[in-house]
Amino acid sequence: MPVSINLLRSSVPETIPGRSRNIGEGGLSAVLAGALSPGEVVVVEFLLPLIQQTFQMRASVRGRTACDMDSSFFDRGRRKGHRYSLWLDL
């Protein structure tokens, strides 16, 4: 599934396109067309295909090797997280 990683670098907005490898309630693994560093805070954006709604969530980059990125979503609360997990299971 296509994803966009949005971030600020030196106060300049940047978008890095990519493709998800694994998406779950806790985070995302993706192959990206640009470099990120562990610890960077980004906004992950992708389209939920069955309901045609854009999903956006802040995340912290956990790991990075070559073009792969692993991230963890910031806690959005139990109730909202449950709703997103239902969408992600579709």
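According to a simple spin-label model (label point 7 Å from Cα along Cα-to-Cβ), what is the distance in nm between Arg19 and Asn6?
2.4 nm
For Phe74 and Ser37, calculate 0.36 nm times their separation in residues minus their Cα-Cα distance, and state this gained length in nm to one decimal. Each step should come with its number before you reach the end.
Working: separation 37, 0.36 × 37 = 13.32 nm, distance 1.68 nm.
Length gained, Phe74 through Ser37: 11.6 nm.
Read-outs throughout are calculated quantities, based only on the coordinates presented, and are distinct from any laboratory measurement. Computed from a predicted model, the values in this text were never measured in an experiment. Neighbour counts run over all protein chains shown; Cβ positions are idealised from the backbone, glycine included.
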